[in-house]
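Participant: Sharing a structure here in structure tokens format.
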Amino acid sequence: MVWGASVKHYGGVCILVLGAALAAEAPEQPLPFSHKAHAGDMKLQCKMCHVNPDPGETEGIPQAAVCMECHSAVKTESPAIRKLAAYAQNHRIIPWVRTCEIPAFVTFSHRKHVTAGNTCQDCHGKVAETERLAPAGNLNMGGCMNCHQARNASIDCTFCHDPQ
Ligand code: HEC
Ligand code: HEC
Ligand code: HEC
Ligand code: HEC
Ligand code: HEC
């Protein structure tokens, strides 16, 4: 993965529709990126920016080259886009602050979930209507378990944790 070393960690903070939505402040991001503008108003597909690589279980966060497909021509005078262009030009990783992360000792695969018909919104909520993503809701064991019970997936401990 390509996360910067300075990335903050929020334990268990995705929005799970089945869990209680706990309001939290959106973290300060290196660039004022808006999902509402890009995925909502412009209707860009999630997969334009979040590619599940082959082989791979993660969605990943886009880096500047993806953004520059448009921003080499769009809004080039904006201070934020100048900063973006500098990341691209210097081949620097954009240090996006994670808002959705679970501990490494938990087994999780995007590919398996999406192939099984779970939608992005089932777990991440209405991202395309959100200006700034916040660590909100719960992505704890209870949130996983609730959906597994509802959709007849296993809740055996070893399904999500390595046997000790
Ligand atoms: C498909 C084209 C496209 C892609 C890809 C794209 N953008 Fe944009 N972006 C736009 C357009 C068009 C606007 C102007 C929207 C408006 O003003 O209503 C915009 C606006 C913005 C703004 C606001 C700029 C300002 O000062 O108003 C930021 C910041 C931004 N984009 C960042 C990004 C980042 C970061 C990425 C990559 C993760 C990205 N964009 C990818 C088309 C794109
Ligand atoms: C134009 C590119 C772009 C598109 C389209 C896009 N995203 Fe994102 N996404 C980003 C960027 C950049 C970040 C990191 C900054 C942030 O959190 O806002 C991000 C972060 C996220 C995160 C938080 C990940 C974490 O751990 O911090 C989730 C969840 C997410 N996106 C889901 C979606 C979904 C679902 C869609 C489709 C409805 C979507 N995104 C469409 C660029 C995009
Ligand atoms: C079954 C629930 C679930 C579904 C469905 C789901 N996600 Fe996630 N998503 C998660 C979890 C859990 C994490 C945290 C993963 C981790 O920390 O390893 C995550 C993390 C992410 C991240 C951060 C980068 C990464 O790969 O860890 C992005 C971006 C993201 N999801 C986008 C999406 C998009 C786009 C879709 C739809 C194609 C989607 N997710 C579908 C639960 C889900
Ligand atoms: C929105 C519903 C939903 C949520 C939330 C959800 N899951 Fe699942 N998960 C499923 C379904 C449905 C399957 C069964 C897929 C199948 O039958 O192939 C599954 C399968 C799995 C598998 C087995 C994948 C494989 O190898 O076949 C693991 C591991 C797993 N989930 C872990 C998690 C974890 C960890 C979380 C919480 C972070 C979580 N799930 C949250 C619906 C969900
Ligand atoms: C569907 C996936 C899933 C299943 C099944 C599951 N867990 Fe978890 N577990 C998680 C996730 C996600 C976390 C991390 C988030 C949290 O702490 O709630 C976690 C965290 C934990 C932790 C660490 C708690 C902490 O605060 O550090 C323990 C201990 C644990 N699980 C034990 C179990 C046991 C015992 C079982 C069987 C009864 C089980 N888990 C079944 C997903 C699962």
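Participant: For A21, which of the numbered conditions (1) in a helix (DSSP H, G or I); (2) at pLDDT below 90 fails to hold?
Facilitator: Evaluating A21 over (1) in a helix (DSSP H, G or I); (2) at pLDDT below 90 leaves (1) as the failure.
Participant: Residue under question is A128, and the condition is that it be under 19 Å from H50 (Cα atoms), more than 9 Å from ligand 3 (Cβ to nearest atom) and in a loop (DSSP other than H, G, I, E, B); does it hold?
Facilitator: No: the conditions fail for A128.
Participant: Restricting to the range 143-164, what's the tally of residues that are surrounded by 14 or more Cβ atoms within 10 Å (Cβ to Cβ) and in a helix (DSSP H, G or I)?
Facilitator: Residues flagged as surrounded by 14 or more Cβ atoms within 10 Å (Cβ to Cβ) and in a helix (DSSP H, G or I) within the range 143-164 amount to 7.
Participant: Kindly indicate which of S72, S154, S109 is more than 11 Å from ligand 4 (Cβ to nearest atom) and either small (G, A, S) or touching a Leu at 6+ places or on another chain (Cβ under 7 Å) (or both).
Facilitator: Result of the check over S72, S154, S109: S72.
Participant: While we're here: Report whether or not L139 is within 27 Å of K43 (Cα to Cα), modelled with pLDDT under 90, in a loop (DSSP other than H, G, I, E, B) and not small (G, A, S). Before you say what the answer is, go through the steps one by one.
Facilitator: Working: within 27 Å of K43 (Cα to Cα): yes; modelled with pLDDT under 90: yes; in a loop (DSSP other than H, G, I, E, B): yes; not small (G, A, S): yes.
Criteria met by L139.
Participant: Determine which single condition K126 fails, assuming it passes every other condition in (1) within 16 Å of ligand 2 (Cβ to nearest atom); (2) in contact (Cβ under 8 Å) with a residue 24 or more places away in the chain.
Facilitator: (2)
Participant: Confirm whether V66 is surrounded by 13 or more Cβ atoms within 10 Å (Cβ to Cβ), part of a loop (DSSP other than H, G, I, E, B) and under 18 Å from the mean Cα position of the chain (by Cα).
Facilitator: no
Participant: What number goes with the only condition from (1) charged (D, E, K, R); (2) surrounded by fewer than 13 Cβ atoms within 10 Å (Cβ to Cβ); (3) within 16 Å of ligand 2 (Cβ to nearest atom) that K112 does not pass?
Facilitator: So the condition that K112 fails would be (3).
The values are calculated or read from the model by the stated rules, or taken from the named source; none is laboratory data. Quick caveat: nothing in here was measured; it's all calculated off a predicted structure. Counting neighbours? That spans all protein chains shown, and the Cβs are built from the backbone with ideal geometry, glycine included.
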